[in-house]
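Asker: Quick one: the structure is below, questions incoming.
Quick note: the coordinates plus some simple rules give every number you see, no bench work behind them. As the structure is a prediction and not an experimental result, all values here were calculated from the model. Cβ sites come from the backbone with ideal geometry, for glycine too, and all protein chains shown count toward neighbours.
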Amino acid sequence: MAGLAILVPILLATVTYELWWPYNPNDIDLLAINKGPSPEHWMGSDGVGRDVMARLLQGGRTSLLVASVSMAISTIVGFSVGAVAGFAGRLVDGTAMRLVDLAMTLPPVIFLLVLASIAGTGVGPTILVISLLSWPVLSRMVRSRLLELRERDFVVASRGMGAGLWHLLFRHGLPNTIDILVVYATLQVAGGILLEAGLSFLGSGVTPPEASWGNMLNSARSVLVLENYPRQWMFPGAVLVITVLAINFVGDGLRDAFDPRAELN
Amino acid sequence: MLQYTLRRTAVGLLMLLALTVLIFIMLRLAPGDPIDAYINPSVPMSASDLDVLRARLGLDQPLPVQYFARLGAALRGDFGYSIQRGGDPVLPLVLSRIGPTILLMVSGLVIAIVLGIATGIISAVRRNQPTDISLSIMAFVGISSPAFLTALLGLYIFAVTLRWAPAGGMLTPGAPFSFADLLAHLVLPASLLSIGHAALIMRYMRSSLLEVLSQDYVRTARAKGVREFWVIVKHALRNALLPVITLIGSTIGIAIGGAIFIESIFDWPGMGLLMINAVSRRDYPVIMCATLLTGACVILVNLLTDMAYAAVDPRIKVA
C-alpha cells in the first residue's frame, strides 16, 4: 500500500506534466545553462539550458513506457512458452527448456549489450531487447506450475473428455498461474526500468535528445557534470530508486497476498 | 560422485557448444559484412580482392559449413581481427583484459560474502529487533538500487568530495608499479561492486539461518546447555550456509553485469570497458569473443558450484 501511495503520484505526474509544467523537455534556453534550482526551474537546468524537471518527467514517461511494453511482451511470450512446454509433451518441453537454459547462461547485461549492438538504439529496439531478455525466467516458473497441475484430477478429467491443448491452456492453465503472472509482471516493470536505465546509461538504449532516466544519468559519466552539477544526475537517480522501490513493495505485497509461502526467486 | 561429475561436465560442454551456435547466429544477424572481421582495416583492398578473400575464407559457403570453420578457428585461438584499434588480433586483446576484471570481481565477491554472511547472521540472531529491521531495510535499498547509481554516488562522495580514493583507473599513470597503489585504486570500485551482492547474500543468509534455528537439533543443542554462540557457529551455521553457496554460484552472472558498470564508471581496464567500447563502435569480433569467454566462465563456475554442493550435501546426487 505504501508502495502504491508513492507510485500513483509519480505515474500521474509523468502522464499529465504538459498540463501544469510550463517548460518543454527539449526547449533550449542558452541564457540558463547549468543553473541551480530556482522558482522558475525547480530542479535547475542542464548543460544546454534545458529544464531538468521537464526532462525528468518526460524521461519518466519514456522509462515507464519501455518498462510496461516490454513487461507485456515478455509476460505473453513467457507464459506461452512455459505453458506449451508444460502441457505439450516431453519433446517440446525438452527443446524449450534447453533454449531457456541457454538464454540464462549469459550474464543479463552482456546479453543485453550484444543484443543492443545488433538491434541498434532508440525506444523500439530497447523494448525489443529487454523483452527478449526477460521471458525465460517466467516461462520456467509457469512450466513448473503446469507440470504439477497436469497431474491434478480435474485436468486429467478434462483431458479424458477430449479437451484440446488450447482449452487446457486457457481454461485451466491461465487461471491457475495468474498469481505467478501478476507478481512477475509487477516486478518485471521494476526490472524493466532498471534494465532501460542501465542500457541507456551505457549509451546503448534510449539516446538523446529523447529523455529517459538512464540517459540523464549518462551525462554524469562526464567528470565535469559529476563534480560540478550533481543535481543534474542526482534527481533522476533518486526518482529511479524511489520508483523501483515502490514497485518492489507492491510486488512483495501482491506475492504475500496470493500465497505467503510462494517462492519466486 | 564420479558419474555425477562426468554427467555435469558433459552437460556443461554441450551448453558451451550451444552458446557458440547462438553467438554465430547473432554475429550473422548483426548489420555489416562478415568479411570485415577478417581484414586488417589499415590495409586498403579492392572489391575483386575482397571476392577472392571471401572465397578463400569460405564465406561463400553455406552457413553450417561456415559455422564449423569458425568453430575450428576459434578452437585454435583465431577469433579474427578487431575492427577498431588498427586491426589487432582479437584474442590477445581480450585475454589481456581478463586479469583486471577477475581481480575486481574476486575482491568484490570476497567483500560481499564476508559482509553478507556477517550481517545475515546478526540479522537472524537479532530477529525483529531494531538492528535487524535497519539491516533489512538497507538490504532492500541495496537490492533495488542499480549498480551504476551506487557507483556514481560512491564516486561522487568518496573520490570527488572527500578525496579518499583515486577516481578511476587501475594504477597511477607513469608511476612505478606498487601494490599499495593498486590497492588504493581497487578498494572503492570493489566495495561498490559488492553492495548489491552483499544485500542479496544477507537476505538469503538471514532466512536460511532462521529456518535452521527452528529445527529440532538446534533445540537439542540448546537443551544440552551449549552456549548460544557455539549453537549458532557450530550447529546452525554449517547447515544454513548450503543454500547460500548455491546462491553465490548462481548469481555470478549478476556480478559480471555489475562489474561492467563499475568498470565503465571507474575506467577500470577490464573486459567490461573493452566490451562497452566495442559495442559503441560495433566491433563485432571483439564483442563475440568477449561474450563467448564470459559465457564459458559462467558455465564453468556453475559447474564448480554444482560439484561443491554435491560434495557437501550427499542428497543432491539422487535428484
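Asker: For segment B:108-116, take each phi angle, set θ = phi - 60°, evaluate the Karplus expression 6.51 cos²θ - 1.76 cosθ + 1.60, and give the result in whole Hz per residue in order, putting x for glycine and proline.
Answerer: Ordered by residue, 3J(HN,Hα) equals x, 5, 4, 4, 4, 5, 4, 5, x Hz.
Asker: Here is a further query. Work out the charge dipole of segment B:194-235 with +1 on the Cβ of Lys and Arg and -1 on the Cβ of Asp and Glu about the Cα centre, then indicate which of B:225, B:200, B:235 is farthest towards its positive end.
Answerer: B:225
Asker: Output wanted: per-residue J couplings in Hz (rounded whole) for segment A:171-184, from phi through Karplus 6.51 cos²θ - 1.76 cosθ + 1.60, θ = phi - 60°, x for Gly and Pro.
Answerer: 8, 10, x, 4, x, 8, 10, 4, 5, 4, 4, 5, 5, 4
Asker: Here is a follow-up. Simple spin-label model, 7 Å along Cα-to-Cβ: residue B:134 to residue A:151 in nm?
Answerer: Going by the 7 Å Cα→Cβ label model, 4.9 nm.
Asker: Further question: With θ taken as phi - 60° and the coefficients 6.51, -1.76 and 1.60, list the Karplus ³J(HN,Hα) couplings across segment B:274-281 in order, rounded to whole Hz; mark glycine and proline as x.
Answerer: Coupling constants for segment B:274-281: 4, 5, 5, 4, 5, 5, 5, 9 Hz.
Asker: If amide H atoms are built 1.01 Å from N in the plane of the peptide, which residues on other chains or at least 5 residues away come under 5 Å of the amide H of residue B:267?
Answerer: It is B:169, by chain and number.
Asker: Under a point spin-label approximation (7 Å from Cα along Cα-to-Cβ), what is the residue B:21-residue B:102 distance to one decimal in nm?
Answerer: If labels sit at residue B:21 and residue B:102, their model points lie 3.0 nm apart.
Asker: Here's something else I'd like to know. Evaluate E = 1/(1 + (r/R0)^6) for residue B:88 and residue B:280, where r is the Cβ-Cβ distance and R0 equals 22 Å; express this FRET efficiency to the nearest 0.05.
Answerer: With R0 = 22 Å, the Cβ-Cβ based efficiency is 0.80.
Asker: Using alpha-carbon pairs under 8 Å, 6+ residues apart, how would you state the relative contact order of segment B:90-312 in percent?
Answerer: 30 percent
Asker: Can you tell me the length gained on complete extension of the stretch residue B:160 to residue B:228, counting 0.36 nm per residue apart and subtracting the Cα distance?
Answerer: 20.0 nm is the gain from fully extending residue B:160 to residue B:228.
Asker: Which residues' amide hydrogens lie under 5 Å from the amide hydrogen of residue B:88, considering only partners 5 or more residues apart or on another chain, with H built in the peptide plane?
Answerer: B:82
Asker: Roughly how crowded by other chains is peptide B:149-155, in terms of the mean Cβ count from those chains within 10 Å of each of its Cβ atoms?
Answerer: So the per-residue partner count for this stretch is 5.
Asker: Report, in debye and to the nearest 20, how large the dipole of chain B comes out about its Cα centre when Lys and Arg carry +1 and Asp and Glu carry -1 on their Cβ.
Answerer: Using Cβ point charges on Lys, Arg, Asp and Glu, chain B gives about 1280 debye.
Asker: Another question, if that's okay. Which of B:21, A:123 comes first, and how do the rest follow, when ranked by fewest Cβ neighbours within 10 Å?
Answerer: Least to most surrounded, the residues fall as B:21, A:123.
Asker: Here's a follow-up. Got a sec? How would B:230, A:233 order by Cβ neighbour count within 10 Å, fewest to most?
Answerer: B:230, A:233
Asker: Hey, another quick one. Counting only helical runs of four or more DSSP H residues, what would the 222 nm mean residue ellipticity of chain B come to if each run contributes -39,500 (n - 2.57) and the total is spread over all its residues?
Answerer: Rounded to the nearest 500, it is -23500 deg cm²/dmol.
Asker: How crowded by other chains is A:111-124, given as the mean number of beta carbons from other chains within 10 Å of each beta carbon?
Answerer: 5
Asker: Right, next: How big is the charge dipole of segment A:68-259 about its Cα centre, in debye rounded to the nearest 20, if each Lys and Arg gets +1 on its Cβ and each Asp and Glu gets -1 on its Cβ?
Answerer: Using only the charged Cβ atoms, the result is roughly 380 debye.
Asker: Rank these for me by crowding, B:251, A:16, B:294, going from fewest to most other beta carbons within 10 Å.
Answerer: Starting with the residue having the fewest Cβ neighbours, the order is A:16, B:251, B:294.
Asker: Given a Förster distance of 25 angstrom, what is the FRET efficiency for residue A:98 paired with residue B:9, based on the Cβ-Cβ distance and rounded to 0.05?
Answerer: So the FRET efficiency works out to roughly 0.90.
Asker: Under a 5 Å amide H to amide H cut-off, with H placed in plane at 1.01 Å, what residues pair with residue A:205 once short-range neighbours are removed?
Answerer: A:200
Asker: Using Cα pairs closer than 8 Å and at least 6 residues apart in sequence, work out the relative contact order for segment A:68-259, in percent.
Answerer: Relative contact order, segment A:68-259: 24 percent.
Asker: Report the FRET efficiency, 1/(1 + (r/R0)^6), for residue B:214 and residue B:29, where r is their Cβ-Cβ distance and R0 is 45 Å, rounded to 0.05.
Answerer: 0.30
Asker: Place +1 on the Cβ of every Lys and Arg and -1 on the Cβ of every Asp and Glu in segment A:119-265, take the dipole about the Cα centre, and give the residue among A:209, A:122, A:169 whose Cα lies farthest towards its positive end.
Answerer: Highest projection toward the positive end goes to A:169.
Asker: Sort chain B into rounded, prolate or oblate with this rule: let a ≥ b ≥ c be the square roots of the eigenvalues of the Cα gyration tensor; rounded if a/c is under 1.5, and if a/c is not under 1.5, prolate when a/b is larger than b/c, oblate otherwise.
Answerer: oblate
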